[in-house]
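Report on one structure; see the data block that follows.
The values are calculated or read from the model by the stated rules, or taken from the named source; none is laboratory data. These figures come from a predicted structure and were not determined experimentally. Cβ placement follows ideal geometry from the backbone for every residue including glycine, while neighbour counts extend to all protein chains displayed.
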Ligand code: GLC
Ligand code: CA
């Protein structure tokens, strides 16, 4: 296995800032409300910048804050240059950027340009008539008619939020394409004028205002296959079929992304693209290879989609998975950049998935909840690539309690999938969908952030105003965990600092999975190099070993795994209380530890980063 730390592109000071940075995603509606309307806002976020700074966050990614009818929580933008009033004003964005820059932090915005809102002026114009100069900015197609003269959409494609990807427009008598909700019409990237407008009005507008880059929504769906033919029937019970091959990684996608790169490059803006339906490294590398000049990094979804059912329509039929699958997928997306000039990302939460501790950990008792949330922290903070945390992950926020009924799910996707199941009349499907939503729904991550232990959890003043019901699990809050050395929050602070201190090993190192069939313990070796005092390269290894069960588990032979003498082994960190235990031979329930083969106090004094 080659070392990625010593490649041309990463040697010396030439590394871009975002590789070792810790990013933190803020879902603004649920983070902090400053004016008691029950909806989080920019002044609220601004008041927590110091909190994020102290946590060790280098860059904040703010989910969409633009003018929007909020059919999909702002992923339906009606004006890219205005801020949705409940979030605040454009001056608030300037203030946020300045406050972050003052602290050496950065801010990226969410760029949603596969589609706009139906209320965007471009779409209004496009739908006004077939001769509108902007008609071709969206994807319009005539109807198909069957032998009975009945009208049908141009293709049989199923949209992400159930139903057809096509909606009939009475006024101009054509269908328009929308991969998501009918209120989110897809832009036609084949049209050059439309692309230029996107670059100028959405990207440069914000770059000129000083933002540091973008998380780019649905980045591989801009180039559709232009034949517009039916997808193969994979779900015989539905008129609509999964068709990602018709719109993911289409024929012109790399051309379009290189154009985006040219827009970002003069501003040295960072880009991280959302790359779904691309589970093969061969398909991912072209996007993230430095030479290709496309994207700095992408989110690949194999790990975060674990547990999701098959195909589009089965997404919420929960599919249990063994630990070995989580391990091997992690390994796959760790190792795929080794020996290349590409880069990877590390994340296990975002606004589109259930909470990590409820999916990969064990929130069944307060003790197991805490131990498993810390072990998840250890897993994430020891992996190679750029780390992304999602708000609330650092305090171990959980999914909504199973006692909450379906009316607490607000997300367009959850609502559509549940309605579809109900409409089927199939009791089994309804039950399974309800169960799957309880684990996987996007709503879980969107519950208000728990700042303190009050009824309103410090999110807003009057909890009855909150746009989503407020979770009341005691002990899961910033206030109750701050200063408690055993807490999830303090553990994140500590491991984030260790990650920075030993970044050659953790961020830039190689990843070697051990004991891959073991279904209870997870172990891997991270290896990197630093330059020693005498100018020679010094190898630094760390063994990460984690018990992913609620029972005691035997500890492997640590010195053997690290390939060093027993007296060279050091315990770097453990999720358990005691730090001295080296030879205790067992891991307690959900305990995780990191051992290394070097003296810890030497890390910074005796060496420098490559
Ligand atoms: C992305 C977003 C998701 C949104 C969708 C449509 O997947 O992360 O929240 O619903 O794009 O914009
Ligand atoms: Ca507010």
Residue 101, sole failed condition from (1) away from ligand 2 (no atom under 16 Å from the Cβ); (2) in the same structural domain as residue 200 (by TED's automatic domain parsing); (3) assigned to a helix (DSSP H, G or I); (4) more than 27 Å from residue 267 (Cβ to Cβ): (4)
Residue within segment 473-489 that is touching a helix residue (DSSP H, G or I) at 6+ places or on another chain (Cβ under 6 Å), farther than 24 Å from residue 360 by Cα and touching a residue at least 12 places away in the same chain (Cβ under 8 Å) present: no
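One line per residue, one yes/no per condition, for (1) in contact with a strand residue (DSSP E or B) (Cβ under 6 Å, 6 or more places away or on another chain); (2) surrounded by 21 or more Cβ atoms within 10 Å (Cβ to Cβ); (3) modelled with pLDDT of 95 or more; (4) assigned to a helix (DSSP H, G or I):
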residue	(1), (2), (3), (4)
324	no, no, yes, yes
333	yes, yes, yes, yes
342	no, yes, yes, no
350	yes, yes, yes, no
353	no, yes, yes, no
357	no, yes, yes, yes
361	no, yes, yes, no
364	no, no, yes, no
367	no, no, yes, yes
Scope segment 325-369; condition over 19 Å from the mean Cα position of the chain (by Cα) and either over 26 Å from residue 503 (Cα atoms) or within 16 Å of ligand 2 (Cβ to nearest atom) (or both); matching residues: 325, 362, 363, 364, 365, 366, 367, 368, 369
Evaluation of residue 283 against (1) farther than 24 Å from residue 154 by Cα; (2) surrounded by fewer than 15 Cβ atoms within 10 Å (Cβ to Cβ); (3) free of Cβ contacts under 8 Å to residues at least 40 places away in the same chain (one fails), failing number: (2)
Answer from 56, 38, 12 - the residue that is away from ligand 2 (no atom under 14 Å from the Cβ) and modelled with pLDDT of 95 or more: 56
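Table: residues versus (1) touching a strand residue (DSSP E or B) at 6+ places or on another chain (Cβ under 9 Å); (2) touching a residue at least 12 places away in the same chain (Cβ under 8 Å).
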residue	(1), (2)
371	yes, yes
375	yes, yes
385	yes, yes
390	yes, yes
396	no, yes
402	no, yes
406	no, yes
412	no, yes
415	no, no
Search result, residues across segment 49-65 that are within 12 Å of ligand 1 (Cβ to nearest atom) and outside any loop (DSSP other than H, G, I, E, B): 61
Looking only at segment 25-48, and only at residues there that are in a helix (DSSP H, G or I) and closer than 18 Å to residue 390 by Cα, the one that is farthest from ligand 1 (Cβ to nearest atom): 46
Flag if residue 122 is in contact with a strand residue (DSSP E or B) (Cβ under 6 Å, 6 or more places away or on another chain), over 22 Å from residue 275 (Cβ atoms), more than 16 Å from ligand 2 (Cβ to nearest atom) and not in a loop (DSSP other than H, G, I, E, B): no
Sole exception among (1) farther than 30 Å from residue 17 by Cα; (2) surrounded by 19 or more Cβ atoms within 10 Å (Cβ to Cβ); (3) within 16 Å of ligand 1 (Cβ to nearest atom) for residue 108, by number: (1)
Residue within segment 430-446 that is within 16 Å of ligand 2 (Cβ to nearest atom) and surrounded by 21 or more Cβ atoms within 10 Å (Cβ to Cβ) present: yes
Test: residue in segment 59-67 that is more than 14 Å from ligand 2 (Cβ to nearest atom), over 20 Å from the mean Cα position of the chain (by Cα) and at negative phi: yes
Filtered residues of segment 150-198 (kept if surrounded by fewer than 21 Cβ atoms within 10 Å (Cβ to Cβ) and on the phi > 0 side of the Ramachandran plot): 163, 173
Positions within segment 432-449 being within 16 Å of ligand 1 (Cβ to nearest atom) and touching a helix residue (DSSP H, G or I) at 6+ places or on another chain (Cβ under 8 Å), in sequence order: 437, 440, 441, 442, 443, 444, 446, 447
Unmet requirement for residue 167, which otherwise passes all of (1) within 16 Å of ligand 1 (Cβ to nearest atom); (2) in contact (Cβ under 8 Å) with a residue 60 or more places away in the chain; (3) closer than 25 Å to residue 413 by Cα: (2)
Any hit, segment 129-149, residues being outside the structural domain of residue 215 (by TED's automatic domain parsing), more than 20 Å from residue 247 (Cα to Cα), in contact with a helix residue (DSSP H, G or I) (Cβ under 7 Å, 6 or more places away or on another chain) and surrounded by 23 or more Cβ atoms within 10 Å (Cβ to Cβ): no
Residue in segment 368-376 that is in the same structural domain as residue 342 (by TED's automatic domain parsing) and more than 27 Å from residue 48 (Cα to Cα) present: yes
Filter result for residue 299 (closer than 20 Å to residue 160 by Cβ, touching a strand residue (DSSP E or B) at 6+ places or on another chain (Cβ under 7 Å) and not in a helix (DSSP H, G or I)): yes
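Kindly indicate whether any position in segment 419-426 is under 25 Å from residue 75 (Cβ atoms), in contact with a helix residue (DSSP H, G or I) (Cβ under 7 Å, 6 or more places away or on another chain) and surrounded by fewer than 19 Cβ atoms within 10 Å (Cβ to Cβ).
Step one: of segment 419-426, the residues under 25 Å from residue 75 (Cβ atoms) are 419-423.
Checking which are in contact with a helix residue (DSSP H, G or I) (Cβ under 7 Å, 6 or more places away or on another chain) leaves us with 421-422.
Cutting the leftovers down to surrounded by fewer than 19 Cβ atoms within 10 Å (Cβ to Cβ) gives us 422.
The answer is yes, given that some residue of segment 419-426 is under 25 Å from residue 75 (Cβ atoms), in contact with a helix residue (DSSP H, G or I) (Cβ under 7 Å, 6 or more places away or on another chain) and surrounded by fewer than 19 Cβ atoms within 10 Å (Cβ to Cβ).
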